[in-house]
Every structure is written in C-alpha cells, then in structure tokens.
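Some notes on the structure that comes next.
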Amino acid sequence: MNIQSAFNLTEIVALWPNDGSEPSRGAPQVPTLYTSRLILRPFSLADAATVQRLAGEREIAAMTLTIPHPYPDGAAAAWIDTHASAFANGQGLSLAIVLQATGELCGAIGLVLAPDHHSAEMGYWLGKPYWRQGYCTEAALALLQYGFQTLNLHRIHAAHFAQNLASGRVMQKLGMRQEGYLRQAVLKWGQYMDLVLYGILWEEWLEVLPATPGRTGWV
Ligand SMILES: CC(C)(COP(=O)(O)OP(=O)(O)OC[C@H]1O[C@@H](n2cnc3c(N)ncnc32)[C@H](O)[C@@H]1OP(=O)(O)O)[C@@H](O)C(=O)NCCC(=O)NCCS
C-alpha cells in the first residue's frame, strides 16, 4: 500500500491549536491510500452528487445509524466540508473509495479517532452496484494498515446491526474479533436494533496480516 501522508496521530493532534484557531500551514492533509483495485482518497465537493445518489439508496441508510433517508440536498457537500478540519484536529478520517480502473466513486470509509486512547471506530458503506466484489474488505484492510502503521493506533473497533450479515462478514474477514452483543441498543426508524461489536488490537493485526485476503495484491 502506498500512502501520501506520514503523520502519526500524536503529531496530527500536536499540530492543531487548542484555542479554536485555524491550524498552521503545516497541518496534515487527508491521505490517499492505494490498493490493488482501489484508490482511497479525500472527498472533494465535486463528489457530492454521487454521494447523494449512492448513499441515498434506502438499503444504505437502513443499515447505518447516521445516514439520513431521503438524503437531503446539500447534506453531502456539508459532510465533505467537515473532512479536512476533522482530520487536521485528530477527530476523524473520511475517504472516498474509488475504482482505479474507471475512476468511479463507489463508497466511503473512515475512522472516528479517539487520540487520548489510541483507538478508532471504523465505518463504511458501498453503493449497491458495487456490493459483493470484495471492495469493502480491500478498502478496510488498507485503512487498518494506515491506522495501525501510520497513526500508531492500538485498537480499531466497529459495530453492525445484527441483521447486517454482510458487514459482519467484512469484519470477520479483516481478522476482527466479536467482542460483544448489545440487545436493542439503538433506535432505528422506530425499532430497537441489536448491535454486534467487533475489535482488533495492534498485536492481533500483526498476527492476521499475512493471512488477510488481498494482502499480496497491494501495490
Ligand atoms: C456492508 C457493505 C459495506 C459490504 O460491502 P461489500 O463491498 O459488498 O463487501 P465485501 O464484498 O468485501 O464482503 C462482503 C461479504 O459479505 C457476504 N455477504 C453479502 N451479503 C450477505 C448476506 N446477505 N448474508 C451473508 N453474507 C453476505 C459476501 O458474500 C462477502 O463475504 P465472502 O467474501 O466471504 O463471500 C455493503 O453491503 C454496504 O454498504 N451495505 C450498506 C451499508 C452498511 O451496511 N454499512 C456498514 C454499517 S456497519
């Protein structure tokens, strides 16, 4: 995997002033990561219409806690607008998943960072036309590598609705371990939903690394 950013999380947080002022010109930029089939790059405002179309499908919103449905006009641009400062101040990282072959934007993946704890929560979605081709797993493997090797995280976790078997399968393929099952933990569209919690520690990631699918195909 090639990475166009070499800041670790401590350096990122140190570069951001605590007084609410803008970061210095040396503030870290959202990175770009490359896998064998994908580019994970910063979103730009030009992506907003595609984000609205893909994330606007009911099946995407139904399996996530925060994506609205219908997806309102302007919401994608407003979301993209937050990315640069969220990364520069150590709050989080959002990347567009793009097919190398065609340049198509097909989804999003990101980390919500907890710098004080050296941990992060991972989240992702893929547009429906791109499901079941291994793209999410490939993107998430690259993001785990970036999180552990470049940001120096100690732990990365994720959660999925119990009925979201595809997302659970992705977490298993990443080598994450099931850590918990929270019954009726969140309210989604008027229904209490069970949450399944997964996590992986740095030393576990080192163990599963040689066996993870797609590993040998990275550039
Ligand atoms: C979850 C999601 C990101 C997966 O993306 P993807 O690119 O299709 O994932 P991958 O192809 O890398 O892997 C999917 C795995 O789930 C399996 N799968 C897919 N649908 C499934 C189902 N209904 N039941 C069981 N397994 C299923 C696939 O067969 C594959 O496993 P395999 O490689 O062992 O065959 C995508 O379905 C999505 O965006 N869903 C809506 C939003 C969402 O759920 N986001 C995550 C919230 S936690």
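Derivation of every value follows stated rules applied to the coordinates shown; laboratory data play no part. Every value quoted in this text rests on a predicted model; they were computed, and no experiment measured them. Heads up, the Cβs are rebuilt from the backbone with ideal geometry, glycines too, and the neighbour counts pull from every protein chain shown.
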Exercise for the section: Can you tell me the alpha carbon radius of gyration of region 31-217 divided by the globular rule-of-thumb value 2.2 N^0.38 Å? Expected result: 0.98
Problem - Cα-projected label distance for T66 with Y130, points at 7 Å along beta-carbon direction, nm - result: 1.8
Problem - Check: region 31-217 dipole with +1 on Lys, Arg Cβ and -1 on Asp, Glu Cβ, in debye - result: 420
Practice task
Largest first and to the nearest Å, give the Cα extent of region 105-144 along each principal axis.
Solution key: 38, 14, 13
